[in-house]
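**Student:** Next up is a structure, given as C-alpha cells.
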Amino acid sequence: MAFRQALQLAACGLAGGSAAVLFSAVAVGKPRAGGDAEPRVVEAPAWAGSARPGPGVWDPNWDRREPLSLVNLRKRNLDSGEEELASRLDHCKAKATRHIFLIRHSQYHVDASLEKDRTLTPLGREQAELTGLRLASLGLKFNKIVHSSMTRAIETTDIISKHLPGVCKVSTDLLREGAPIEPDPPVSHWKPEAVYYEDGARIEAAFRNYIHRADAKQQEDSYEIFICHANVIRYIVCRALQFPPEGWLRLSLNNGSITHLVVRPDGRVALRTLGDTGFMPPDKISRS
C-alpha cells in the first residue's frame, strides 16, 4: 500500500527531492498476507564505516584521497594566502587515470572437497587462454597482475600471464572468495561458506587497498589486472560506483569474464564493461 501511495504522489508532480525521500523510505521485503511489503532494513556492518550518502549523492572523497581532505588547513600560513593553499592542493592531486581490469577465474571442479583440489576444468583452461588472448589484443601496457591466492585463481593467472610476458604477478589473500555482505533481496538457495563478518571485512579491505584514484606521484595512466572471484568483483563494482553494496548478488559474471573500471584523477569512476565474454565462442561460456 505504501509503495502504491508513493507512486501516486510522484505521478502528481512531487518535487524530485521529496519523491526521492519517499522512494527511499519504502523498503522491499517479503509480502504479507494482505499483499503489502513488510519493510526490511539492511544495516551496514561496523567495518563498512559510518552512514553513506543518500541515493544519487556522490561522495567525492570516497577513497579518502580528495586533495582538500589531505591538506591540514589548521597549519595554513595566513600570510601566504591562497597561493600556498593552491600549491599544496596541487601537490595532492592525482594526475593519471587508473584502468582496473577485474577478471573472474575460469571454470573449475566445484565438487572437490579441498580447496587445493578445485583446479580448472579442461573448459576452464580454454577460457583462460581466450581471456589471455583478449587482454593481449588490447595492446595495452599492463603494469601488474594481482591475483587471489586460491587455486583456481592461481591457475587462471598462470595461463593468462603467458600471453602478457614481462608483467609481474602478485598474490594476495585479500582477494580470496567469500561472502562480502548480506545480500538484499535475500536468497534462500544460497548459503555462504563463512559468515559475513569474517569475509566482509577482508573484502572491504581489498576494496580500500586496491580501488582508489592514482597516487599524486603517478605521472602516466596505469593498466592493472586483478584476477579473483565473482563475489569479490560484484561487491567491488557496487562499492566503486557507490551503489548499495548489498545489491552485489543481483549481478552475474561468466567464468573468465572481463570487468573494466576506470578511476579518473578527480575520483570519478566509470564502468566500461561488466562481465564481458563476447570474445568467447558461445559453447565456451559458463558461470559455474
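The values are calculated or read from the model by the stated rules, or taken from the named source; none is laboratory data. Everything quoted here is computed from the prediction, not taken from an experiment. We place every Cβ from the backbone using ideal geometry, glycine too, and count neighbours over all the protein chains shown. All accessible areas refer to the heavy atoms of the entire protein, side chains included, with ligands and DNA or RNA removed. Shrake-Rupley method; radii C 1.70, N 1.55, O 1.52, S 1.80 Å.
**Student:** Looking at 235, 210, 223, 196, which one is more than 25 Å from residue 97 (Cβ to Cβ), hydroxyl-bearing (Ser, Thr, Tyr) and either open to solvent by less than 70 Å² (accessible area, probe 1.4 Å) or under 13 Å from the mean Cα position of the chain (by Cα) (or both)? Reasoning before the result, please.
**Tutor:** Values: 235 fails: more than 25 Å from residue 97 (Cβ to Cβ); 210 fails: more than 25 Å from residue 97 (Cβ to Cβ); 223 fails: more than 25 Å from residue 97 (Cβ to Cβ).
From the options 235, 210, 223, 196, the qualifying one is 196.
**Student:** Give 164, 140, 133 a once-over and let me know the one that is part of a helix (DSSP H, G or I) and either modelled with pLDDT of 95 or more or open to solvent by less than 70 Å² (accessible area, probe 1.4 Å) (or both).
**Tutor:** On inspection, the qualifying residue turns out to be 133.
**Student:** Taking the stated definitions as given, is residue 171 touching a His at 6+ places or on another chain (Cβ under 7 Å), farther than 27 Å from residue 267 by Cβ, modelled with pLDDT of 95 or more and surrounded by fewer than 19 Cβ atoms within 10 Å (Cβ to Cβ)?
**Tutor:** Taking the combined requirement at face value, the residue satisfies it.
**Student:** Among the listed residues 276, 266, identify the single one that is closer than 26 Å to residue 160 by Cβ, open to solvent by 10 Å² or more (accessible area, probe 1.4 Å) and of a type in the set (Asp, Glu).
**Tutor:** On inspection, the qualifying residue turns out to be 276.
**Student:** Continuing with the same structure: Name, by its number, the condition in (1) closer than 30 Å to residue 95 by Cβ; (2) free of Cβ contacts under 8 Å to residues at least 24 places away in the same chain; (3) open to solvent by 30 Å² or more (accessible area, probe 1.4 Å) that does not hold for residue 242.
**Tutor:** Among (1) closer than 30 Å to residue 95 by Cβ; (2) free of Cβ contacts under 8 Å to residues at least 24 places away in the same chain; (3) open to solvent by 30 Å² or more (accessible area, probe 1.4 Å), the lone unmet condition for residue 242 is (2).
Residue by residue, here is whether (1) at pLDDT 95 or above; (2) exposed (fewer than 11 other Cβ atoms within 10 Å of the Cβ); (3) not charged (D, E, K, R) holds:
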| position | (1), (2), (3) |
| --- | --- |
| 54 | no, yes, yes |
| 57 | no, yes, yes |
| 65 | no, no, no |
| 68 | no, no, yes |
| 75 | no, yes, no |
| 84 | no, no, no |
| 93 | no, no, no |
| 97 | yes, no, yes |
| 107 | yes, no, yes |
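**Student:** Could you list all residues from segment 109-125 that are in contact (Cβ under 8 Å) with a residue 12 or more places away in the chain and either open to solvent by 100 Å² or more (accessible area, probe 1.4 Å) or in a helix (DSSP H, G or I) (or both)?
**Tutor:** Answer for segment 109-125, where residues must be in contact (Cβ under 8 Å) with a residue 12 or more places away in the chain and either open to solvent by 100 Å² or more (accessible area, probe 1.4 Å) or in a helix (DSSP H, G or I) (or both): 115, 116, 117, 123, 124, 125.
**Student:** While we're looking at this one, here's another question. Residues in segment 143-160 that are of a type in the set (Ser, Thr, Tyr) and in a loop (DSSP other than H, G, I, E, B): how many?
**Tutor:** 1
**Student:** Considering only segment 245-254, how many residues are buried (at least 20 other Cβ atoms within 10 Å of the Cβ) and under 20 Å from residue 277 (Cβ atoms)?
**Tutor:** Number satisfying all stated conditions: 4.
**Student:** Let me ask something additional. Could you list all residues from segment 261-286 that are closer than 25 Å to residue 200 by Cβ and not β-branched (Val, Ile, Thr)?
**Tutor:** Taking segment 261-286 and keeping what is closer than 25 Å to residue 200 by Cβ, we get 261, 263, 267, 269, 271, 274-275.
261, 267, 271, 274, 275 - these are the residues of segment 261-286 that are closer than 25 Å to residue 200 by Cβ and not β-branched (Val, Ile, Thr).
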